[in-house]
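Student: After the structure tokens below, expect a handful of questions from me.
Where a number appears in this text, it was derived from the coordinates with a stated rule and is not lab data. Since this is a predicted model, take the numbers as computed values, not measurements. Cβ placement follows ideal geometry from the backbone for every residue including glycine, while neighbour counts extend to all protein chains displayed.
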Amino acid sequence: MERAQIESKLTDLLVDELGLERDKIVSSAKFEEDLEVDSLGVVELLMAIEDNFDVKIPDEEAEGIVTVGDAVATIEAKLS
Amino acid sequence: MARVALVTGGSRGIGSAIARRLGAAGHTVAVNYAHNADAAKQVVAAITDGGGSALAVGADVGDEEAVAAMFQAVEEDLGKVEILVNNAGITRDDLLLRMGAEAWDDVLTTNLRSVYLCSRAALRGMVRARWGRIVSIGSVAGISGNPGQANYAAAKAGIIGFSRSLAKEVGSRGITVNVVAPGFIETDMTAALGEDTVQAAVGSISLGRLGRPDEIASLVGYLASDEAGYITGQTIVVDGGLAL
């Protein structure tokens, strides 16, 4: 899957599953600070990524996902 | 609104009454059982005869893999679990000085580990749906203690702390988590206490009688409903005014 495809699919997930505003979802946006996702929301995000991209994200890798860009990079690395 | 409900230990006693109650309320009910498939099928038949829909699912709810398989089977057949009733419970009574580690572990596994495993499995769908009801069956023994039941009381008290914590974790997602703590109810579990113990207990019950399983089920039915959406983290005692 191309990076642009991952970004687009992830954006849809964030809008549909977490109810985030599409306009605010940019690569540099921090989930907790900029997008106001709470700790349970971060867990939801990880579950949604795992289910929809068919990847596994262990806790130690999950801790490194702070921004939307981090999530895209993590998914890209898993799929390559 | 009709939902998908799962009742652990739903083949007998209080669990059976809860499963029937939820079925009568129009919910689709998965009736879990550990050993007694025939009893679970009778509960399913009672629900379907009343015009409801139900399914029997066997699983040892203290076992992680069995719980995962049970949820998979229920979700494939009925859909995501929206109402979870953690009812499965056993006793292995003994005075602590004589209580073996096996009696401790068996009770903690079936009565408390099961609550963790089933709640975690159900939450995934509930969080996504932004709606859920988790009702666990505690016991007055978990509040007041009971000689010979240190293991059972510990598990039941554990359910209360678990439920309060989980209520705080998932409240923002429209999920409520509550405990119903019965006193002495007419079931095989209280019958096993013996006539003398039961009579002594009745003497300290304000209403002067044991409770009926449907008197627990009616509250569980309410807590599982849309109407009860502002009650969470609570332990509600249903004991006929025991030792007031």
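Student: What percent do you get for the relative contact order of chain B when only Cα pairs under 8 Å and 6+ apart count? Write out the running numbers ahead of the final one.
Tutor: Numbers: 504 pairs, mean separation 46.3, N = 244.
Relative contact order comes out at 19 percent.
Student: Now for a separate question. What do you get for Rg/Rh of the range B:183-244 when both radii come from the Cα atoms and Rh is the Kirkwood radius?
Tutor: That ratio equals 1.06.
Student: Would you mind working out the magnitude of the charge dipole of the protein assembly as shown relative to its Cα centre, with +1 at each Lys and Arg C-beta and -1 at each Asp and Glu C-beta, to the nearest 20 Debye?
Tutor: 1080
Student: How would A:S8, A:S80 line up from fewest to most surrounding beta-carbon atoms within 10 angstrom?
Tutor: A:S80, A:S8
Student: Beyond a 25 Å Cα-Cα separation, which of these cross-linked pairs lie in this structure: A:K9/A:K56; A:K56/B:K80; A:K56/B:K168; A:K9/B:K168? Write out the running numbers ahead of the final one.
Tutor: Working: A:K9/A:K56 17 Å; A:K56/B:K80 22 Å; A:K56/B:K168 27 Å; A:K9/B:K168 31 Å.
From the list (A:K9/A:K56; A:K56/B:K80; A:K56/B:K168; A:K9/B:K168), the Cα-Cα distance tops 25 Å for A:K56/B:K168; A:K9/B:K168.
Student: Mind checking which aspartates and glutamates have their C-alpha under 18 Å from B:K41, skipping anything on the same chain fewer than 8 residues away?
Tutor: Those aspartates and glutamates meeting the cut-off are B:D49, B:D60, B:D77.
Student: GNM on chain B, C-alpha springs below 10 Å: top fluctuator among B:L55, B:L96, B:L78?
Tutor: Of B:L55, B:L96, B:L78, the most mobile in the Gaussian network model is B:L96.
Student: Can you compute the charge dipole magnitude of chain B about its Cα centre, using +1 on each Lys and Arg Cβ and -1 on each Asp and Glu Cβ, nothing else charged? Give it in debye, rounded to the nearest 20.
Tutor: It works out to roughly 840 debye.
Student: If you don't mind, there's one more thing I want to ask. Along the charge dipole of the range B:141-244, pointing to its positive end and built from +1/-1 on Cβ of Lys, Arg, Asp and Glu, which listed residue (B:Y222, B:A201, B:G240) has its Cα farthest out?
Tutor: Checked the options; the winner is B:Y222.
Student: Okay, next question. Which peptide among A:41-50, B:164-173, B:214-223 comes first, and what is the full order, when sorted by highest mean count of other Cβ atoms within 10 Å? Intermediate values should be presented prior to the final figure.
Tutor: Working: A:41-50: 18.9, B:164-173: 16.2, B:214-223: 20.5.
Going by the mean number of other Cβ atoms within 10 Å, highest first, we get B:214-223, A:41-50, B:164-173.
Student: Shifting gears a bit: So if I take the centroid of the Cα atoms in the range A:41-80 and the same for the range B:1-72, what is the distance between those two points in Å?
Tutor: Going from one Cα centre to the other spans 36 Å.
Student: Could you tell me which residue out of B:G9, B:A40, B:G52 lies farthest along the dipole of the range B:1-75 toward its positive end? Charges go on the beta carbon: Lys and Arg +1, Asp and Glu -1, centred on the Cα centre.
Tutor: Result: B:G52.
Student: Given springs between every Cα pair under 10 Å in a Gaussian network model of chain B, which of B:G233, B:G208, B:G194 has the largest fluctuation?
Tutor: Most flexible of the set in this elastic network: B:G194.
Student: Given axes a ≥ b ≥ c from the Cα gyration tensor, I'd like to know whether the range A:3-79 is rounded (a/c under 1.5), prolate (a/b larger than b/c) or oblate.
Tutor: rounded
Student: Something else now. So how strong a dipole does the range B:136-244 carry about its Cα centre when Lys and Arg Cβ are +1 and Asp and Glu Cβ are -1, to the nearest 20 debye?
Tutor: With only Lys, Arg, Asp and Glu charged at Cβ, the dipole is about 420 debye.
Student: Further, regarding this structure: Quick one: B:D239, B:D38, B:D94, A:D23, fewest Cβ neighbours within 10 Å first, how do they rank?
Tutor: Details: B:D239 23, B:D38 10, B:D94 15, A:D23 6.
Going from least to most buried by this count: A:D23, B:D38, B:D94, B:D239.
Student: Could you work out the mean count of beta carbons from other protein chains within 10 Å of each residue's beta carbon in A:44-54?
Tutor: Going residue by residue through A:44-54 and averaging, the value is 1.
Student: Fewest first, what order do B:H27, B:H35 take by the number of other Cβ atoms within 10 Å?
Tutor: Ranking B:H27, B:H35 by Cβ neighbours within 10 Å, fewest first, gives B:H35, B:H27.
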